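Working notes, structure below.
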Amino acid sequence: MAPSENKEIAASDATLTAAELVLAGSGPKRGLARLWPFLGPAFIASIAYVDPGNFATNIQSGAQFGYRLLWVVVASNLMAMLIQTLSAKLGIATGHNLAELCRLNYPKPLVWLMWVLMELVAMATDLAEFLGAALGFNLLLGLPLWIAGLLTAVVTFLILALQNRGFRPLEAVITAMLGVIAVCYIVETILDRPDWGKVFYHALVPSFAGTESILLATGILGATVMPHVIFLHSSLTQGRIVVREPVLRRRLLRFEIADVTIAMGVAGFVNAAMLIMAAATFHQAGMMHVASIEEAHQTLEPLLGSAARWIFAISLLAAGLSSSAVGTMAGQVVMQGFLQRHIPIWLRRLATILPSLVVIFIGLDPTRTLVISQVVLSFGLPFAVIPLIHFSSRKQLMQELVNRRVTTAVAVLVASLIVLLNLYLLYQTVFGG
């Protein structure tokens with residue numbers, strides 16, 4: 001084993017040791033040093049909430065409808081915080097991930113159906129993420145899209161290889177990429193000078209403007225609350241820090257809630273900033289026709305200067321590469337959990353590349369493809385959220401970490417809203433004017 005690999009694995013071991021000391025009451029008493037060993041799983045999960053599908057839906061929403069759909073971003077992020085907390089808690093309490101619990105508790109035909117649905121969701125997810133990273137390389141380096149796609153595959157292989165060196169190196173790389181995206185959008189927000197009065201109003205007051213706005217709202221929901229990462233997050237916590245005593249498990253859960261709050265807070269800021277950027281630049285300038293990532297990239301320079309154009313492309317690339325790696329990890333969890341089967345991660349990566357390359361080679365509009373992929377994700381959400389609520393509400397499974405009644409009630413309300421929004425979208429699309 002290379003010295004660098006030894007150091008990386010030692011970093012993961014040191015993190016576990018520090019976490020155990022904090023939980024036992026003998027570590028740092030306050031500050032970041034106390035929280036640091038527990039940060040990581042939610043940051044990996046949160047990268048899926050700022051993937052290129054978010055770029056596509058938020059750009060279209062902001063350009064066409066201004067700040068109107070900002071409330072959907074805010075509501076979706078709050079839903080995501082609750083759902084990811086339940087997922088993290090499930091892994092801590094049961095020692096199993098969500099897919100494994102489905103296999104152990106549901107009839108085999110239902111398990112197979114859920115596996116097929118989640119694999120389709122994973123394909124739609126990877127399509128968005130892979131295309132986004134390829135577009136990032138294309139916009140930054142001027143490479144043909146198919147070459148950019150192959151380069152994306154190589155880089156994501158390298159990111160995934162970090163899994164063999166302990167959990168901490170992968171957490172560090174993914175968190176750094178989330179930081180890059182956040183910094184990019186802090187700069188973008190400063191440059192585009194939004195109308196803060198409208199921002200705060202539409203962040204709190206729900207409204208729609210026809211069927212297309214509902215389609216985009218559903219796309220935002222699908223791009224924000226991600227079914228595959230619900231399965232992944234429970235896997236990330238199920239064996240990372242293992243404690244048996246009830247008081248220590250409650251203490252561990254509090255740290256995981258902090259992890260979720262910080263990571264999802266950053267992701268929520270990025271999502272809101274994407275839509276605000278599009279509203280403050282394109283919609284404000286009467287460019288409501290801007291509906292693609294490529295158009296947004298080209299149009300930002302005359303509106304805000306060349307810096308904004310490059311910052312946008314860098315954030316897209318970071319989002320695409322990191323979320324594509326996370327999506328492949330989630331696919332592994334889904335297959336292993338539902339079927340107890342494992343394929344080499346390079347083989348899964350190759351299999352998920354193919355649909356994206358087909359889209360690239362036959363010349364489909366990448367941005368429209370991204371938006372539709374997010375709608376597919378939103379229809380897959382009930383099949384992840386409902387089992388999550390079911391298991392996290394069972395006393396015999398969760399013991400002292402079982403949901404409180406109010407938590408379950410809010411989670412049921414969230415799941416109901418997701419299902420109803422999708423049904424309304426389907427009705428409007430088929431029967432609406």
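Bear in mind these aren't lab numbers, they're just calculated from the coordinates by the rules spelled out. Only a predicted model underlies this, so the values are computations on that prediction, with no experimental measurement involved. All Cβ positions, glycine included, derive from the backbone under ideal geometry; neighbour counts span all protein chains shown.
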Put +1 on the Cβ of each Lys and Arg and -1 on the Cβ of each Asp and Glu in the chain; which of LEU253, ALA267, ALA325 then has its Cα farthest toward the positive end of the dipole? LEU253
For the range 148-164, in order, what is each residue's ³J(HN,Hα) by Karplus, 6.51 cos²θ - 1.76 cosθ + 1.60 with θ = phi - 60°, in whole Hz (x at glycine and Pro)? 4, x, 5, 5, 4, 4, 4, 5, 5, 4, 5, 5, 5, 4, 5, 4, 6
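So how do VAL414, VAL155 line up by other beta-carbon neighbours within 10 Å, fewest first? Spell out each step's value before the answer.
On the way: VAL414 22, VAL155 17.
The order, fewest Cβ neighbours first, is VAL155, VAL414.
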Put +1 on the Cβ of every Lys and Arg and -1 on every Asp and Glu Cβ in the chain; which of PRO387, ALA56, THR94 then has its Cα farthest towards the positive end of the dipole? THR94
For a footprinting-style exposure proxy, rank SER26, SER392, SER324 by other Cβ within 10 Å, fewest first. SER26, SER392, SER324
Find how much the distance from LEU78 to ARG404 grows on full extension, using 0.36 nm per residue of separation minus their present alpha carbon separation; answer in nm with one decimal. 115.6 nm
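Using only alpha-carbon positions, what ratio does the radius of gyration of the chain give when scaled by 2.2 N^0.38 Å?
Working: Rg = 20.8 Å, N = 433, 2.2 N^0.38 = 22.1 Å.
Normalised by 2.2 N^0.38 Å, the Cα Rg of the chain equals 0.94.
With the Cα gyration tensor of the range 72-218 in hand, convert its eigenvalues to equivalent ellipsoid semi-axes via √(5λ) and list them largest first in whole Å.
After scaling each eigenvalue by five and taking roots: 31, 26, 19 Å.
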What number, rounded to the nearest 500 deg cm²/dmol, is the helix-based mean residue ellipticity at 222 nm of the chain, given -39500 (n - 2.57) per DSSP H run of at least four residues and division by all its residues? -26500 deg cm²/dmol
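With +1 assigned to the C-beta of every Lys and Arg and -1 to the C-beta of every Asp and Glu, and no other charges, what is the dipole magnitude of the chain about the Cα centre in debye, to the nearest 20? List each step's numbers first, then the result.
Numbers: 27 positive and 22 negative charges, 301 e Å.
About 1440 debye.
Tell me, what is the percent relative contact order of the chain, built from C-alpha pairs under 8 Å that lie six or more residues apart? Spell out each step's value before the answer.
Working: 693 pairs, mean separation 156.3, N = 433.
RCO, the chain: 36 percent.
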Between helix 246-278 and the chain, what is the angle of the helix's C-alpha long axis to the longest principal axis, kept within 0 to 90° and rounded to the nearest 10? 10 degrees
Identify, among VAL180, THR85, LEU139, the residue whose Cα sits farthest towards the positive end of the charge dipole of the chain, taking +1 on the Cβ of Lys and Arg and -1 on the Cβ of Asp and Glu, with the dipole about the Cα centre. THR85
